[in-house]
Amino acid sequence: MQDRYQPHHVQVPSRREFLSRAGGGFGAIALAGLMAEQQSRANASPPPALRPHFFGKARNVIFLFMDGGPSHLDTFDPKPLVNEMAGKPLPQSIKRVITPMGVSENPLLASQRKWTQYGDSGLPVSDWYANVGECADDLCVIRSCTSDALNHVGGVCQMNTGSMLAGRPSLGAWVNYGLGSENRNLPGFVVMMDSDREPPGGNRIWGSGFMPATHQGTKFLAGKRPILYLDTPEGISDQRQLGKLGFIDELNRQHSALRPGDSELEARIASYELAFRMQAQAPEAVDLSNETQQTQEAYGMTEKRTQAFGRNCLLARRLIERGVRFVQLYSGSGSKWDAHSKIEENHSLHCSETDKPIAALLRDLKQRGLLDETLVIWGGEFGRTPMSEKGDGRDHNPYGFTTWLAGGGVKGGQVIGATDEFGMHAVDQKVHVHSLHATILAAMGVDHTELIYRLQGRAERATVNEGEIVSRAFG
């Protein structure tokens, strides 16, 4: 049977390949041994998840990313003085904002939000996030986040990978690399968007960078069929399907043998194997018809405005229940939260799209006993300025903005850090992106200084050799 698949031609080696083979000598024997070992590992079951460095309550992460930069001043960080001085310039006592266009002299823009203190903690949340506010006692609101990026491409890249420059592994890839997957039949890292548009930087922001490509995020599609081609076509038996996959695997192995160290090819081979295993489990995991009507309504799936993000939130809960380690959901994919003008119209839309689904996710996880072991993160690449932009909008603000955490061993009902009285700069307990990532890893029991990938002899870390754990987040 095997003779049928022998090639009918001989590939002429290149000059480089000829010299490599002729000059390899005994090194070629060693290489053959290493390749045989690699082949043996590839055919074996995936290794078990690595042990954390210390005890961490979080086993999974759901990262809710508001693409474009939500305004902290209008959601979780009230600044009454901005309204009192609306129309006037930012006082000289507060450092002027340096933008790519120069020094901003725009007047302060009042916030039209109404604020309510929720729960036993009395945490203030605006009316744009009234449903999330009812979960205030589970939220750890970090008001002093900072980033290095002034634009979306660099900001999204840094919040996802730790660096403003593309090419480093994403946080989800680091978690996948460090802890592995709990379910060999589903990806360890899944990414979902609420539209067909991608965030700035595209798939590089959930990529694996210099790590093997097997650690990158798997993108699920928006809509009712997040994974295509899971069902075996009619008339194709399991035996025939296995035979076809075996033949493809044989061709891939032959190709790989000539190109050792090609992680993209190894990832492609692994993806075929994972895709076959997913045919058994993934259809059930993404089938939301198994959820009650009450659950679907709670997530907003019966309402046009909340349907897309609500579906993704419900899918995220189902995926982490089945062992997917890291799930990242993008709201407003393609920088739709970017409100340089008409912030009332922009944020009213996107907050209403996400408020109900996020609150439903938090309540659902808590009711099922999953919130203690699932870390939920909300935020964007930066915040917005207190000054106006184009009269009725706000500009980018990486100098002080808000991110909140819930579950995963984090102490809820508290505020960490602060911005100045105008919400322009972080002035107390500054939390840089690297420290935020270090804290997320710590919740999972991973020491960011010990999670190392060696690249050309250099010890690379998720936090780019910077950052400190925000220990207060854990009480």
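The numbers here are math on the coordinates, done by the rules we state, and not lab data. Small disclaimer: the values here were computed from a predicted structure and weren't measured. Positions of Cβ are generated from backbone atoms using ideal geometry, with glycine treated the same way; all protein chains shown enter the neighbour counts.
Things worth noting here:
- Placed amide H near Gly413: partners under 5 Å, 5+ positions off or other chain: Asp138, Leu139, Cys140
- In terms of surrounding Cβ atoms within a 10 Å radius of their Cβ, Lys114, Lys219 rank from fewest to most as Lys114, Lys219.
- Mean Cα-pair separation over length for region 120-236, i.e. relative contact order, pairs under 8 Å, 6 or more apart, %: 21 percent
- Computed from backbone phi, the HN-Hα couplings of region 189-205 come to 9, 10, 10, 9, 10, 9, 7, 7, 7, 9, x, x, x, x, 6, 5, 7 Hz, rounded to whole numbers (Karplus: 6.51 cos²θ - 1.76 cosθ + 1.60, θ = phi - 60°; Gly and Pro given as x).
- Partners of Lys430 within straight-line reach, counting aspartates and glutamates whose Cα lies under 16 Å from its Cα and excluding those fewer than 8 residues away in the same chain: Asp77, Asp148, Glu381, Asp420, Glu421, Glu466, Glu468.
- Fraction of the pair-distance distribution of region 111-178 above 13 Å, Cα-Cα pairs, percent: 72 percent
- Each residue of region 272-390 gets 135 Å³ once the volume of the Cα convex hull is shared out per residue.
- Look at His340, His437 and count the other Cβ atoms within 10 Å of each Cβ; fewest to most, that gives His340, His437.
- Computed from the Cβ-Cβ distance with R0 of 30 Å, the FRET efficiency linking Glu291 to Arg184 stands at 0.75.
- Extending 7 Å from Cα along the Cβ direction at Gln239 and again at Leu370 yields two label points whose distance is 4.0 nm.
- Relative contact order %, region 319-464, counting alpha carbon pairs below 8 Å whose residues are six or more apart: 16 percent
- Between the beta carbons of Phe247 and Asn203, assuming R0 = 51 Å, the FRET efficiency works out to 0.95 to the nearest 0.05.
- Set of lysines near Lys79 by C-alpha distance (under 16 Å), chain-local residues within fewer than 8 positions excluded: Lys88, Lys114
- Cross-link reach list, lysines versus Lys57, counting only Cα pairs under 24 Å and skipping chain neighbours closer than eight places: Lys366, Lys411
- As a proxy for reagent exposure, ranking Val427, Val125 by other Cβ atoms within 10 Å from fewest up yields Val427, Val125.
- In the distance distribution for region 152-246, Cα-Cα pairs more than 15 Å apart total 67 percent.
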